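Report on the following structure.
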Amino acid sequence: MKKNWHEYLWIAELLYLVLGLSNILFAWLGMLFFAIPLLVAVFSGSKAYCNRYCGRGQLLGHLGGKLKLSRNAPPPRFLRSRWFRYGFLTFFMAMFGLMLFSTYQVFTGAPLRETVTILWMFKLPWQWVAVGMVSPWIAQFAFGFFGVMLTSTVLGLVTMVLFRPRSWCVYCPMGTMTQGICSLKQGKECDGCGRTGKEDCGTA
């Protein structure tokens, strides 16, 4: 069967990670992964992005499903609970806020911190290039944002290995936000973990 173009979006996710590791300024492209899902939810009132266009979900599906890197075990019930999903969203947005504050500090004269931190504590141990060509605050945002993206990728890979391939989608902050938008527009939330499709929330 001929595949649709959106079934290859996992390549874009993989390419983003490779480009960011080679030149930190490519981290800014990740803002598309933030903006597009929210815009789709606002204008369509659906989770079409999560169900069809999410490159990360596709990548986890390929690694866990086709390459058999997943235990394929059902994710624990607490991951699907509302308190955990919205609690994790709150924590994630707090970390995002701290990243923006660091960017503001550099904008107002603080020194640039040329490090990428994953899981909010581990610094990647290599030197970065091509940051002198832009304003320091632009580079600082890139360092912080790429750390956020890498952290969520690592969490996705861990839950992929331990549970079903796309178990990350159960508690993905973007999925939780788009679900909230859809719930407001439709006046209701879908059953189960708050997603419109079973496969994308790791329950299939």
| Just to be sure, is Phe92 within 18 Å of the chain's Cα centre (by Cα) and either surrounded by 14 or more Cβ atoms within 10 Å (Cβ to Cβ) or over 21 Å from Gly30 (Cα atoms) (or both)? | yes
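For (1) outside any helix (DSSP H, G or I); (2) in contact with a Ser or Thr (Cβ under 6 Å, 6 or more places away or on another chain); (3) over 30 Å from Gln127 (Cβ atoms), each residue gets a yes or a no:
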{"residue": "His6", "(1), (2), (3)": "no, no, yes"}
{"residue": "Gly57", "(1), (2), (3)": "no, no, yes"}
{"residue": "Arg71", "(1), (2), (3)": "yes, no, yes"}
{"residue": "Phe96", "(1), (2), (3)": "no, no, no"}
Matching residues in region 105-114 (part of a helix (DSSP H, G or I) and of a type in the set (A, V, I, L, M, F, W, C)) number 2
Ser46 fails exactly one of (1) touching a Pro at 6+ places or on another chain (Cβ under 8 Å); (2) modelled with pLDDT under 95, namely (1)
| query | Is it the case that some residue within region 121-130 is in contact (Cβ under 8 Å) with a residue 60 or more places away in the chain and surrounded by fewer than 15 Cβ atoms within 10 Å (Cβ to Cβ)? | reply | yes
The condition of being in contact with a helix residue (DSSP H, G or I) (Cβ under 6 Å, 6 or more places away or on another chain) and not in a helix (DSSP H, G or I) holds, among Pro37, Pro75, only for Pro75
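The values are calculated or read from the model by the stated rules, or taken from the named source; none is laboratory data. All values derive from a computational prediction rather than experimental measurement. Glycine also receives a Cβ, built like all others from the backbone with ideal geometry; neighbour counts cover every protein chain displayed.
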